[in-house]
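Structure first, commentary second.
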Amino acid sequence: MTSVAEPGGLTWVTAAVTDPLARPMLRELGDEYSARYGKDAHAEMARYPAAEFDPPHGVLLLLLERGEAVAGGAFRRYDPATAELKRIWTHSAHRRRGLARRVVAELERIAAARGYRRVHLTTGPRQPEAKGLYLRTGYTPLFDTTADPETIGPLPFEKHLAPSRGKR
């Protein structure tokens, strides 16, 4: 695990999927997905082996405030040039603070530093907040934005990254 402190008492931490610090994120995401989609989403959360989110091809990133995870997300290798964002999350008690936007930006920075040139992601049709986040942060929708999201299924997005020099 590595950490980087920021002004304002927030700390970035990279961790393994199995790290106890990641449990609140994974639990709340699973519960929220289950509530929105009417099925147990915890199995979907375990769809990818934990090792896919380990360096050098992936990362799980948490934003801590006073030692507690308040936001986070991850990426995994989608193809040699593309990172796939997964598990973008803000704790329900900490929403509307711009934390998800910060998580996405930091994941993009790390992905670019690791040599990825593109980010791909999908979000569910019953997650309008996520759709809005990705549109506001410069992602290109790979679907008809005027169509009923329920008729599309997972909503795919992409963003091309500028090359970077720093690694994390």
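Contour minus end-to-end for R126 and A162, with contour as 0.36 nm per residue of separation and end-to-end as the Cα-Cα distance? Don't jump to the answer; show the numbers that get you there.
Numbers: separation 36, 0.36 × 36 = 12.96 nm, distance 3.06 nm.
Extending this stretch completely gives an extra 9.9 nm.
Kindly provide the trypsin sites (Lys or Arg not before Pro) of segment 38-91 that DSSP labels as loop, not H, G, I, E or B, and whose Cβ sees at most 12 other Cβ atoms within 10 Å.
K39, R47, R66
At 222 nm, what value in deg cm²/dmol follows for the chain if DSSP H runs of at least 4 each add -39500 (n - 2.57) and the sum is divided by all its residues, to the nearest 500?
Details: 5 runs with 47 residues, N = 168.
Dividing the helical sum by the residues of the chain leaves -8000 deg cm²/dmol.
Between T146 and H94, what length comes free when the chain is fully extended (0.36 nm per residue of separation minus the Cα-Cα distance, one decimal in nm)?
Extending this stretch completely gives an extra 15.7 nm.
For R117 and T11 in the same chain, what is the full-extension length gain: residue separation times 0.36 nm, less their Cα-Cα distance, in nm? Write out the running numbers ahead of the final one.
Details: separation 106, 0.36 × 106 = 38.16 nm, distance 2.61 nm.
This chain segment gains 35.6 nm when fully extended.
Cut-off 19 Å, label point 7 angstrom out along Cα-to-Cβ of D19: give me the residues of segment 61-80 whose amide nitrogen falls inside.
The answer is 61-77, whose backbone nitrogens lie closer than 19 Å to the label point.
What is the Å³ per residue value for the convex hull set by the Cα atoms of segment 29-108?
Convex hull of Cα atoms, per residue: 109 Å³.
At 7 Å along the Cα-to-beta-carbon direction for both S34 and D54, put a label point, then send me their distance in nm to one decimal.
Between S34 and D54, the simple spin-label model gives 2.8 nm.
Just so you know, all these numbers are worked out from the coordinates, no wet-lab data involved. Since this is a predicted model, take the numbers as computed values, not measurements. Methodologically, a virtual Cβ is constructed for each residue, glycine included, from the backbone with ideal geometry; neighbour enumeration extends over all protein chains shown.
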